[in-house]
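Participant: Just passing along the structure, written as structure tokens.
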Amino acid sequence: MGGFCSSLMALSLALAAILALAAVEEQRLSAPDAEQGVASDGRFVYAVSNHIVTRIDPATGRELARWDGDPVRFKHINSCTADGRDLICAASNYPSVPMQSIVERFDLKTLQHRSSRPIEAAPGSLTWAVRRRGAWWACFANYDGKGGTPGRDHRFTTLVRYDRAWREKGRWRFPDSVLARMAPKSASGGDWGEDGLLYVTGHDRRELYALRVPRHGETLVHVATIAMPTGGQAIAWDAGQPRRLWSIDRAERQIVASRIPAISQR
């Protein structure tokens with residue numbers, strides 16, 4: 001009994017150490033193509049759907065450009081991120097199995113498709129990929145039921161670090177406190193904050209999870225849970241405004257900007 005009580009107390013203390021915060025909504029834009037997520041280059045925002053990417057002027061809400069690909073070839077684009085002159089998009093064959101993961105590259109200015117790069121031996125279905133300090137950080141989802149691989153459920157969701165040539169350099173699992181909130185789906189969005197924390201969303205809950213990569217160990221550290229005005233899907237920081245995060249309201253087909261509170265890391 002004493003050991004059980006000690007374990008229960010330790011779990012309670014660990015959960016209490018996870019900060020609970022709330023974002024403040026600042027702006028909403030109508031975006032019919034905002035089905036999978038949003039990207040931002042600091043000037044424009046990009047609504048992302050399965051085989052569609054639309055550039056939108058956040059000042060006016062006006063659509064400026066649109067790419068609509070072959071839905072057979074581009075089955076499921078999950079997210080995109082602005083990277084220099086490129087728009088890098090994470091794609092998969094969801095809900096088909098075996099899972100296939102592909103990095104699609106577009107010209108940021110013209111939205112012309114440039115290339116496709118399959119990821120070999122991926123530990124799941126690629127949902128997002130972002131660059132930090134020369135390395136690519138990619139999330140591979142696993143699911144309960146539809147789109148899942150037999151013998152693997154949402155608990156197998158994995159973060160992988162690659163070098164510039166997409167050679168694997170490390171991998172981490174998500175903490176149980178986050179996985180439980182994502183079930184039965186997985187991590188749909190992610191982006192690095194200027195504070196060095198990784199901010200991740202699930203598929204449905206109106207929450208944002210701040211995570212830290214540990215110096216040692218293979219499990220990410222859950223630092224904070226932030227209440228959001230939108231539920232899950234792909235996200236993007238606004239490069240022009242600190243702590244401003246773009247997300248989507250999938251049901252309303254809207255792109256939403258929110259101010260994310262600073263997180264103490266003492």
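Only the coordinates and a few stated rules stand behind these numbers; no lab work does. Computed from a predicted model, the values in this text were never measured in an experiment. Don't worry about glycine lacking a Cβ; one is built from the backbone with ideal geometry, like all the others, and counts go over all protein chains shown.
Participant: Roughly how tilted is helix 2-16, in degrees to the nearest 10 and between 0 and 90, from the longest Cα axis of the chain?
Facilitator: 30 degrees
Participant: Something else now. Restricting to DSSP H runs of at least four residues, report the calculated mean residue ellipticity at 222 nm for the chain, -39500 (n - 2.57) per run over all residues, nearest 500 deg cm²/dmol. Could the numbers behind the result be given before it?
Facilitator: Details: 2 runs with 22 residues, N = 266.
Here the helix-only value at 222 nm equals -2500 deg cm²/dmol.
Participant: Count the DSSP beta bridges whose two residues both fall in the chain, then state the antiparallel fraction as a percent rounded to the nearest 5. Don't skip to the end; give the middle numbers.
Facilitator: Numbers: 77 of 83 bridges.
Around 95 percent antiparallel, to the nearest 5.
Participant: How large is ³J(HN,Hα), in whole Hz, for each residue of the stretch 36-49 in order, when computed from phi with the Karplus curve 6.51 cos²θ - 1.76 cosθ + 1.60 and θ = phi - 60°, using x for Gly and Pro?
Facilitator: With the stated coefficients, the stretch 36-49 comes to 10, x, 9, 10, 9, 10, x, 10, 10, 10, 10, 7, 10, 10 Hz.
Participant: Could you run the Karplus curve 6.51 cos²θ - 1.76 cosθ + 1.60 with θ = phi - 60° over the stretch 246-260 and give me ³J(HN,Hα) per residue in whole Hz, x for Gly and Pro?
Facilitator: 9, 9, 10, 9, 5, 5, 8, 6, 9, 9, 10, 9, 9, 8, 9
Participant: Let me ask something else. Can you work out ³J(HN,Hα) from phi for every residue in the stretch 89-95, in order, using Karplus 6.51 cos²θ - 1.76 cosθ + 1.60 and θ = phi - 60°, giving whole Hz and x for Gly and Pro?
Facilitator: 10, 8, 9, 8, 9, 3, x
Participant: Here's a follow-up. Which distance in nm do the two modelled labels at Glu63 and Asp195 give, with both placed 7 Å along the Cα-to-Cβ direction?
Facilitator: Taking the two extended label points, one gets 3.7 nm.
Participant: Just give me a number: lysine pairs in the chain, eight or more positions apart or cross-chain, with C-alpha atoms less than 25 Å apart. Present the calculation step by step, with values, prior to reporting the outcome.
Facilitator: Numbers: Lys75/Lys109; Lys75/Lys146; Lys75/Lys185; Lys146/Lys185.
Eligible lysine pairs with Cα atoms under 25 Å apart amount to 4.
Participant: For the chain, give the magnitude of the charge dipole about the Cα centre (Cβ charges: +1 Lys/Arg, -1 Asp/Glu; no others), in debye to the nearest 20.
Facilitator: On the way: 36 positive and 28 negative charges, 115 e Å.
Roughly 560 debye, rounded to the nearest 20.
Participant: Something else about it: Sequence-distant or interchain residues sharing an amide H contact under 5 Å with Leu21, placed H: which?
Facilitator: Under 5 Å from the amide H of Leu21 lie the amide H atoms of Thr225, Ile226, Ala227, each far enough along the sequence or on another chain.
Participant: May I pose another question? How do the peptides 20-28, 40-48 rank, highest first, by the average count of neighbouring beta carbon atoms within 10 Å per residue?
Facilitator: Those peptides, ordered most packed to least, come out 40-48, 20-28.
Participant: Work out Dmax and Rg for the stretch 156-266 from the C-alpha atoms and quote the Rg first, both in angstrom.
Facilitator: 14.0, 42
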